[in-house]
1. With equal scatterers on the alpha carbons only and no solvent term, can you work out the Debye log10 of I(q)/I(0) for the stretch 168-207 at 0.18, 0.26, 0.27, 0.34 1/Å?
2. Taking neighbour Cβ counts within 10 Å as the exposure measure, how do 142, 191, 69 sort from fewest upward?
3. Fewest first, what order do 197, 77, 151 take by the number of other Cβ atoms within 10 Å?
4. When a footprinting reagent is the concern and you count Cβ atoms within 10 Å, what order do 67, 36, 172, 114 take, fewest first?
5. Taking R0 as 41 Å, what's the FRET efficiency between residue 83 and residue 203 from their Cβ-Cβ distance, rounded to 0.05?
6. Need the C-alpha centroid separation for the stretch 51-73 versus the stretch 198-214, integer Å.
7. How many nm is it between the label spots at residue 66 and residue 217, if each spot is 7 Å from the Cα in line with the beta carbon?
8. So if each residue of separation counts as 0.36 nm, and I subtract the Cα-Cα distance between residue 49 and residue 210, what length gain in nm does that give?
């Protein structure tokens with residue numbers, strides 16, 4: 001009888017341990033939201049030292065880090081723009097005009113502040129403005145939509161690669177959240193113009209928030 005009681009006690013302790021573990025895992029799963037964080041082309045060419053300076057690049061970097069560190073995302077994906085190796089049409093002219101930038105290794109590297117995250121999350125190269133031309137990113141966006149999440153856009157350049165990505169994500173049927181202070185354009189006016197364009201779609205297809213508002217909204221869900 002004593003042996004049986006000891007065996008039952010050991011079994012009960014084991015079961016309680018499993019239950020506690022599963023409950024803890026469940027809490028972690030609830031904390032991570034269903035959204036996809038897309039960090040677009042945060043490369044040195046767009047810093048103050050680069051030829052394509054986005055004045056609010058430092059602010060965008062800081063807010064992107066805050067979003068990543070919040071742990072609110074099911075998936076985080078980075079892109080980097082690399083000039084087309086076999087350009088067609090006007091991309092041939094693009095490569096000629098921007099040859100110096102294309103061939104400069106430092107300009108094409110991601111900003112150092114984000115380096116610690118590049119080994120933790122996927123980084124995909126693209127040679128178009130829209131990130132949705134990358135099959136893996138397109139699939140991730142579609143899966144995000146299927147689970148009820150949104151594609152959260154950050155990065156550079158607001159009026160180019162970010163906006164192009166937004167439109168293609170919308171065409172795929174993905175809810176898009178544009179984080180104003182985690183994106184940077186070539187000027188404040190151009191950043192404002194992008195917000196104005198996307199605001200015309202914010203009744204159903206887009207949501208425009210800053211980082212603090214997004215995190216507050218995510219925490220309340």
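1. Debye curve over Cα of the stretch 168-207, log10 I(q)/I(0) at q = 0.18, 0.26, 0.27, 0.34 Å⁻¹: -0.50, -0.91, -0.95, -1.15.
2. Details: 142 16, 191 23, 69 9.
Ranking 142, 191, 69 by Cβ neighbours within 10 Å, fewest first, gives 69, 142, 191.
3. On the way: 197 15, 77 21, 151 28.
The fewest-first ordering by Cβ neighbours comes to 197, 77, 151.
4. On the way: 67 22, 36 26, 172 14, 114 18.
Ordered from fewest to most neighbouring Cβ atoms within 10 Å, 67, 36, 172, 114 come out as 172, 114, 67, 36.
5. Working: r = 37 Å, r/R0 = 0.91.
Given R0 = 41 Å and the Cβ-Cβ separation, E is 0.65.
6. Rounded to whole Å, the Cα centres lie 17 Å apart.
7. If labels sit at residue 66 and residue 217, their model points lie 1.5 nm apart.
8. Values: separation 161, 0.36 × 161 = 57.96 nm, distance 2.59 nm.
Length gained, residue 49 through residue 210: 55.4 nm.
Where a number appears in this text, it was derived from the coordinates with a stated rule and is not lab data. Owing to the predicted nature of the structure, the values given are computational and were not obtained by experimental measurement. A quick note on method: Cβ atoms are made from the backbone with ideal geometry, for glycine too, and the neighbour counts reach across all protein chains shown.
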